Amino acid sequence: MAITSEYNFDIYGKTIVSHHTYNKSKNTKTMKKLIYVAIALAIFIISCMGGGKNKEKASYKIEDSTRKADQEAKNEADSLSAGSSGVLSKEEKAKATNEQQNPNVVSSSAAVQSKKDTLRKFVRTADLKFKVKNVYQSTIEIENITAKNDGFVTYTNLSSTIDNVTTTPVSTDSSVETTYFTVINNIILRVPNYNLDSTIRGMAHLITYLDFRIIKANDVSLTLAANNMAQHRINNTTQKLNNIADKKNLPVGELSNVQQNIEDKQAQLDQVKYDKMKLMDEVKFSTVNINIYQRQTLKREMVCNEKSIKPFEPSFGTKLVDALVFSWEILLAIFLFFVRIWFILLIILVGIIVCRRFFRRKPKA
């Protein structure tokens, strides 16, 4: 449907006729097509979103079912372990504590007690050096963490190292003394083997900069086995020597030798037992060496200026009198010197007189 509009204008006696024609039917058809396309796109997008949600719901259902199955299996295992033991052991409690700690710390798998510890024996040690905000407060906190994990501190050395000292005058009689120093502390602590990991993790929040972290787990199973064999061997030898000593009609010399051998073997047995006890103690309790320090600190103190003391000097008059006395003493010394050699002077004088007379009496040629 076409609409035609006519407008007549009279300007200065002239007539201008303007005709505007709009094709309304074409515009209406174009608008309808655009609306249809928009509706189709909207339906397509909504259907895609619905399908994605269904997929997510399905995946969520699968994950939920998997988690429920894992949880049920875990609950069954916990119930079985609880029924067999009744109470969680210290190792299990320590392991649970380790899992609850922040994993992003300085610990290592070498510090964690595992199932292999039932078959093998490990001596675990740790060496740490790190920077803290305040050495004293960190020391107190480290000691508290150690006590919390059933450990104890065997050595601590809190000290300050002076790096530099400067003195700046601020007035005629005062100066400011600035001392630059660093506070450090060396700590040695021992904790149960199963609490080593939790102890190290508990210190993580104190670290502002980590210099190094060394954790060792030395397998001493063979050493313990060799120790047991040596103990068994010494026991057998001692028993044989005791049997020989119990025999009658044994010469006195041989009897004393046998008794001495028995004492030697007993001393060896005591040493083997001591080594085993020491090694088992190192297995049960891990040793941790910690070296902590803080940022260089300065201390300012107002001090008095040290005035230089000049040595005493006598006045000019005193110096003049001393000079006259000294010169008079020299003059007297010279006079006494000539008095002491008067005979030499006399001989020289006589010689001079004789020489003059002798040379004057010579005849003229």
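The values are calculated or read from the model by the stated rules, or taken from the named source; none is laboratory data. Remember, it's a predicted structure, so these values are computed and weren't measured experimentally. Positions of Cβ are backbone-derived with ideal geometry, glycine not excepted, and every protein chain shown enters the neighbour counts.
Take S138 and tell me if it is farther than 30 Å from K284 by Cβ and either of a type in the set (G, A, S) or free of Cβ contacts under 8 Å to residues at least 12 places away in the same chain (or both). Spell out the reasoning first.
Values: farther than 30 Å from K284 by Cβ: no; either of a type in the set (G, A, S) or free of Cβ contacts under 8 Å to residues at least 12 places away in the same chain (or both): yes.
Taking the combined requirement at face value, the residue does not satisfy it.
Hey, can you tell me all the residues within region 128-152 that are out of contact with any helix residue (DSSP H, G or I) (no Cβ under 7 Å at 6 or more places or on another chain) and hydrophobic (A, V, I, L, M, F, W, C)?
Kept after step one, since they are out of contact with any helix residue (DSSP H, G or I) (no Cβ under 7 Å at 6 or more places or on another chain), are these residues of region 128-152: 128-131, 133-137, 139-140, 142-144, 147-148.
Matches in region 128-152: L128, F130, V135, I140, I142, A147.
Conditions: (1) modelled with pLDDT of 80 or more; (2) in a helix (DSSP H, G or I). E263 meets all but one. Number of the miss?
Going through the list (1) modelled with pLDDT of 80 or more; (2) in a helix (DSSP H, G or I), E263 breaks only (1).
When both residues are 6+ apart or on different chains and their Cβ atoms are under 7 Å apart, which pairs have a first residue that lies in region 154-175 and is free of Cβ contacts under 8 Å to residues at least 40 places away in the same chain, and a second that is aromatic (F, W, Y) and part of a strand (DSSP E or B)?
S160/F181; T161/F181; I162/F181; N164/Y180
May I ask you to verify whether D275 is assigned to a helix (DSSP H, G or I), surrounded by 11 or more Cβ atoms within 10 Å (Cβ to Cβ) and outside the structural domain of T178 (by TED's automatic domain parsing)?
Answer is no for this residue.
Per-residue answers, yes or no, for (1) within 19 Å of S198 (Cβ to Cβ); (2) in the same structural domain as M203 (by TED's automatic domain parsing); (3) in a helix (DSSP H, G or I); (4) not polar (S, T, N, Q):
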| site | (1), (2), (3), (4) |
| --- | --- |
| A126 | yes, yes, no, yes |
| Y136 | no, yes, yes, yes |
| E143 | yes, yes, yes, yes |
| T146 | yes, yes, yes, no |
| D150 | yes, yes, no, yes |
| S160 | no, yes, no, no |
| D163 | no, yes, no, yes |
| T168 | no, yes, no, no |
| T182 | no, yes, no, no |
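Can you name the residue in region 198-230 that is crowded, with 16+ Cβ neighbours inside 10 Å, over 17 Å from the mean Cα position of the chain (by Cα) and not in a strand (DSSP E or B) and, of all such residues, is modelled with the highest pLDDT?
Of region 198-230, the ones crowded, with 16+ Cβ neighbours inside 10 Å are 198-204, 206-207, 213, 215, 217, 220, 224, 227, 230.
Narrowing further to those that are over 17 Å from the mean Cα position of the chain (by Cα): 198, 217, 220, 224, 227, 230.
Among the residues that remain, those that are also not in a strand (DSSP E or B) are: 198, 220, 224, 227, 230.
Numbers: S198: 90, V220: 85, L224: 78, N227: 78, A230: 79.
Across region 198-230, the extreme among qualifying residues is S198.
Does region 313-326 contain at least one residue that is in a helix (DSSP H, G or I) and of a type in the set (G, A, S)? Walk me through how you get there before you give the answer.
Taking region 313-326 as the starting set, the residues that turn out to be in a helix (DSSP H, G or I) are 316-326.
Checking which are of a type in the set (G, A, S) leaves us with 317, 323.
Yes.
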